[in-house]
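*Asks:* Here's a structure for you.
The values are calculated or read from the model by the stated rules, or taken from the named source; none is laboratory data. Keep in mind the model is a prediction, meaning the values are calculated, not measured. All Cβ positions, glycine included, derive from the backbone under ideal geometry; neighbour counts span all protein chains shown. Side chains are part of the model used for accessible areas, which takes the heavy atoms of the whole protein and leaves out ligands, DNA and RNA. Shrake-Rupley method; radii C 1.70, N 1.55, O 1.52, S 1.80 Å.
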Amino acid sequence: MREQLEKIKLEALEEIKEATNSQRIDEIRVKYLGKKGSLTTILRGMGSLSPEERPIIGKLANEVREFIEEEINNALSNIKNKERELKIKGEYIDITMPGKKVEIGGIHPLNKVLDEIKDIFFGMGFSIAEGPEVELDYYNFEALNVPKNHPARDEQDTFYISENLVLRTQTSPIQVRTMEKTKPPIRIIAPGRVYRSDAVDATHSPIFYQIEGLVVDKGITMANLKGTLETFAKRFFGEKTRTKFRPHHFPFTEPSAEMDVSCFVCGGEGCRVCKGSGWIEILGCGMVHPDVLTKGGIDPEEYSGFAFGMGLDRIVMIKYGIDDIRLLYENDIRFLKQF
Ligand code: DAH
């Protein structure tokens, strides 16, 4: 029996040394130490030994079992290490591979054009004024000569927050807010977001941008209005640009006009951009209505002023030949990258 044990020990050692993967080690464990393993079988046969031999062989058998267990554990940890090394080698990082490209956007066309327009007006001594997007009905309508039930309210489908609170439908309320807190001379532009509950299509968005302008001082006339807006048009669309003022109506200016610029693409010949007319309408303007000056706390006997308002989105679309306003609000990076 002693010999058998020695033999098992040597055989097991041999097999363990030859094993190259953990699965094989498990097989060896079962073969020698498992319930039906050879060592277990021998231990079972110990009953037939004499009482003197039993403890000696028992001790030896235990030693052999411990020896095999230890060898198995050592072999297993070696194999595991090797397997891990192999795995790591297979997973090595190729530092010569190109990195992930980070997509870079661009300045939003609305901001780009707004910056250009601001710069032109800064150059003429204007500064920036602001007002709230959630606006009192009073400033958005009443103070601008648009009382309740005035038909002009229907044209500007208004988002009402409550009876007296709206999402501003225009930047014109900033005129009155500015007059209330500033003494003339006033020379401001007020760019901002405005809201109208229009159905969305290629030319209508419920959110869009306007740029308001207001000049109030002693002796301001229509000539100042024309000079200022002509200068703006030439700086923005090019020196050759001509302007045309068409009489119009706005409740808060009197007289009122719309300004067209000669088409900057065809120069006035007529093309796709100006729809064949040679002219492009770009803003509304007029002399500030005396009642509006009064609402702003300014004496119309002493001061006069002009105002204008333009749609930034429209100007951006004309300038870049964008035919759908929704592109300006979807923020598709493929679109934005082009500016
Ligand atoms: N608020 C007008 C609109 O939304 C635009 C406008 C027209 C503003 C004439 C003005 C102006 O300041 O003088 O249609």
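*Asks:* So what's Rg/Rh here for the chain, counting alpha carbon atoms and using the Kirkwood radius for Rh?
*Replies:* A ratio of 1.62.
*Asks:* Can you give me the accessible area per residue for the stretch 2-90, using a 1.4 Å probe, in Å²?
*Replies:* That works out to 71 Å² per residue.
*Asks:* Can you give me the convex hull volume of the Cα atoms of the stretch 148-282, divided per residue and expressed in Å³?
*Replies:* Taking the convex hull of the Cα positions in the stretch 148-282, it is 141 Å³ per residue.
*Asks:* For the pairs K118/K183; K218/K240; K59/K80, note any where the Cα-Cα span goes beyond 25 Å.
*Replies:* K218/K240; K59/K80
*Asks:* While we're looking at this one, here's another question. Filter the chymotrypsin sites (Phe, Trp or Tyr not before Pro) in the stretch 136-180 to those in DSSP coil with at most 16 other Cβ atoms within 10 Å of their Cβ, and list the result.
*Replies:* Sites meeting the loop and neighbour criteria: F159.
*Asks:* Could you pull out every one of the lysines with an alpha carbon less than 16 Å from that of K31, ignoring same-chain neighbours closer than 8 positions?
*Replies:* Candidates past the 8-residue exclusion: K7, K9, K17.
*Asks:* Within the accessible area of the stretch 2-90, what % is carbon and sulfur when the probe is 1.4 Å and the other protein chains stay in place?
*Replies:* Heavy-atom surface of the stretch 2-90 belonging to carbon and sulfur, 1.4 Å probe: 52 percent.
*Asks:* Moving to a separate point now. If exposed means no more than 12 neighbouring beta carbons inside 10 Å and the site is in a DSSP loop, what's the longest run of the chain without any exposed GluC sites (Glu not before Pro)?
*Replies:* 164-238
*Asks:* In square angstrom, what is the accessible area per residue of the stretch 109-336 with a 1.4 angstrom probe?
*Replies:* Per residue, the stretch 109-336 has an accessible area of 47 Å².
*Asks:* Still on this structure: Carbon and sulfur: what percent of the stretch 109-336's accessible surface (1.4 Å probe)?
*Replies:* Within the stretch 109-336, the accessible surface is 50 percent carbon and sulfur.
*Asks:* While we're looking at this one, here's another question. Which lysines have a Cα lying under 17 Å from the Cα of K181, excluding residues fewer than 8 positions away in the same chain?
*Replies:* The qualifying lysines are K295.
*Asks:* Calculate, for F159 and C266, the FRET efficiency according to 1/(1 + (r/R0)^6) with r their C-beta to C-beta distance and R0 41 Å; round to the nearest 0.05.
*Replies:* 0.60
*Asks:* Let me ask you something else. Compute the FRET efficiency between N62 and K89 as 1/(1 + (r/R0)^6), taking r as their Cβ-Cβ distance and R0 = 41 Å, and round to the nearest 0.05.
*Replies:* Taking R0 as 41 Å, the efficiency between N62 and K89 is 0.50.
*Asks:* Which chymotrypsin sites (Phe, Trp or Tyr not before Pro) from the stretch 5-113 combine a DSSP loop assignment with at most 11 other Cβ atoms within 10 Å?
*Replies:* Those satisfying the criteria are Y92.
*Asks:* Could you pull the Cα extents of the stretch 203-339 along its three principal axes, largest to smallest, in whole Å?
*Replies:* If we take the Cα atoms of the stretch 203-339, the spans are 53, 33, 23 Å.
*Asks:* Taking amide H positions as placed 1.01 Å from N in the peptide plane, with prolines and chain starts having none, which residues 5 or more places from Y209, or on another chain, fall under 5 Å of its amide H?
*Replies:* When sequence neighbours closer than 5 places are left aside, the close amide H contacts are V194, L312, D313.
*Asks:* Tell me, for the chain, which Cys residues have no other cysteine's C-beta sitting closer than 4.7 Å.
*Replies:* C285 - these cysteines have no disulfide-compatible partner (Cβ-Cβ under 4.7 Å) in the chain.
*Asks:* Considering all projection directions equally, how large on average is the shadow of the alpha-carbon convex hull of the stretch 2-90, in square nanometres?
*Replies:* Seen from a random direction, the Cα hull of the stretch 2-90 projects 5.7 nm² on average.
*Asks:* If you plug each phi of the stretch 280-296 into the Karplus form 6.51 cos²θ - 1.76 cosθ + 1.60 with θ = phi - 60°, what whole-Hz ³J(HN,Hα) values come out, in order, with x for Gly and Pro?
*Replies:* 10, 6, 10, 7, x, 7, x, 7, 4, 4, x, 5, 6, 4, 4, 4, x
*Asks:* How do M287, M97 stack up against each other in accessible area, from largest to smallest, with a 1.4 angstrom probe?
*Replies:* Sorted by accessible area, descending: M97, M287.
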